[in-house]
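The values are calculated or read from the model by the stated rules, or taken from the named source; none is laboratory data. Quick caveat: nothing in here was measured; it's all calculated off a predicted structure. Cβ coordinates were reconstructed from backbone atoms using ideal geometry, including for glycine residues, and neighbour counts include every protein chain displayed. Heads up: the accessible areas ignore ligands, DNA and RNA and are worked out on the full protein's heavy atoms, side chains in. Shrake-Rupley method; radii C 1.70, N 1.55, O 1.52, S 1.80 Å.
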Amino acid sequence: MTQYVVRPMQYEDIDAVGEVERECFTTPWPASAYRRELRDNRMGRYIVLAEIIEEDNGPQPIRHRQPPSEPVSGVRRAVGQFLRPFGRPLTGPATIERERVVGFAGMWLMLDEAHVTTIGVKRDLRGLGLGELLFATLLEIAMSIGARRATLEVRVSNHSAQALYRKYGFREEGTRRRYYSDNNEDALIMWSDWLGSPEFQTRYHERRAQLDERLGDLIQVRV
Ligand SMILES: CC(C)(COP(=O)(O)OP(=O)(O)OC[C@H]1O[C@@H](n2cnc3c(N)ncnc32)[C@H](O)[C@@H]1OP(=O)(O)O)[C@@H](O)C(=O)NCCC(=O)NCCS
């Protein structure tokens with residue numbers, strides 16, 4: 001069964017994030033934008049969702065340490081024996097773990113406001129609760145640093161993303177006319193309630209518990 005991890009985005013993830021982005025958006029961010037965000041934007045918080053792939057590490061060599069052919073100093077010998085006791089077989093792990101980035105999300109934390117800037121999941125993994133996991137993780141980070149409200153823009157035609165945001169209590173509070181340059185589509189501006197309010201907290205924890213039950217043990221969150 002596939003295991004997933006949610007963790008902070010690293011420089012090394014940028015190419016893989018770009019691939020998922022191209023499945024998600026008609027005008028994806030270039031890699032340089034992610035590099036800038038990760039390097040320079042102290043308000044930015046970016047996370048990825050990665051599939052953990054366990055691979056057979058192949059046949060394991062069983063080698064035995066040979067006695068040194070030339071004399072080594074006492075200290076080197078002692079360190080060598082500590083790291084690799086004489087006569088013990090040298091084997092690597094039977095499996096190695098690799099990761100494949102399948103989703104990403106980000107936001108800017110500005111004073112007491114969290115502005116969600118991006119979120120996306122690989123097309124063939126949508127509808128499984130993974131986008132919700134990314135979104136809930138952003139909200140969790142925002143709450144943990146004391147943000148009061150969260151906001152975002154979403155295409156008026158993007159009903160699935162809007163449904164996700166509404167599920168967490170976001171409401172439409174305006175539009176930005178012709179916000180998207182590719183087709184001049186309007187954006188809805190959505191806002192959460194005060195993140196610390198009892199209503200938001202109750203809803204968040206209910207939804208989160210349902211999500212955790214749905215995803216079971218498949219997920220590790222390390223943000
Ligand atoms: C938006 C997106 C991240 C959702 O990710 P996902 O993994 O497919 O969503 P989930 O399976 O976690 O669904 C969570 C909730 O989102 C809503 N939702 C997701 N897909 C939906 C669909 N096809 N129709 C209606 N609602 C949908 C539902 O409220 C759902 O909750 P439910 O399962 O209780 O019905 C994903 O569709 C995506 O990557 N889209 C392309 C990029 C994009 O549009 N990003 C948003 C920019 S503002």
>> Under 9 Å between Cβ atoms, which residue pairs at least 6 apart in sequence (or on different chains) link something in the range 161-178 that is in contact (Cβ under 8 Å) with a residue 40 or more places away in the chain and open to solvent by less than 30 Å² (accessible area, probe 1.4 Å) with a partner that is within 13 Å of the ligand (Cβ to nearest atom) and among the small types (Gly, Ala, Ser)?
In response: Ala161/Gly131
>> Name the residue that is farthest from Phe104 (Cα to Cα), counting only residues in the range 197-223 that are in contact with a helix residue (DSSP H, G or I) (Cβ under 8 Å, 6 or more places away or on another chain) and open to solvent by less than 40 Å² (accessible area, probe 1.4 Å).
In response: Tyr204
> Taking the condition closer than 14 Å to Ile119 by Cβ, under 12 Å from the mean Cα position of the chain (by Cα) and open to solvent by less than 50 Å² (accessible area, probe 1.4 Å), does Val48 pass?
Replying inline: yes
> within 15 Å of the ligand (Cβ to nearest atom) and in contact (Cβ under 8 Å) with a residue 60 or more places away in the chain: does that describe Gly120?
Replying inline: yes
>> If I go through the range 178-199 residue by residue, how many of them are closer than 21 Å to Trp29 by Cα and not β-branched (Val, Ile, Thr)?
In response: 11
>> Condition first: open to solvent by less than 50 Å² (accessible area, probe 1.4 Å), more than 16 Å from the ligand (Cβ to nearest atom) and touching a Phe, Trp or Tyr at 6+ places or on another chain (Cβ under 9 Å). Now tell me which residues in the range 1-36 satisfy that.
In response: Asp13, Ile14
>> Can you tell me which of (1) open to solvent by 50 Å² or more (accessible area, probe 1.4 Å); (2) closer than 24 Å to Met43 by Cα is the one Leu152 doesn't meet?
In response: (1)
> In the range 153-189, how many residues are touching a helix residue (DSSP H, G or I) at 6+ places or on another chain (Cβ under 7 Å) and under 18 Å from Tyr204 (Cβ atoms)?
Replying inline: 4
>> Given the criteria away from the ligand (no atom under 16 Å from the Cβ), within 30 Å of Ser157 (Cβ to Cβ) and among the hydrophobic types (A, V, I, L, M, F, W, C), does Ile53 qualify?
In response: no
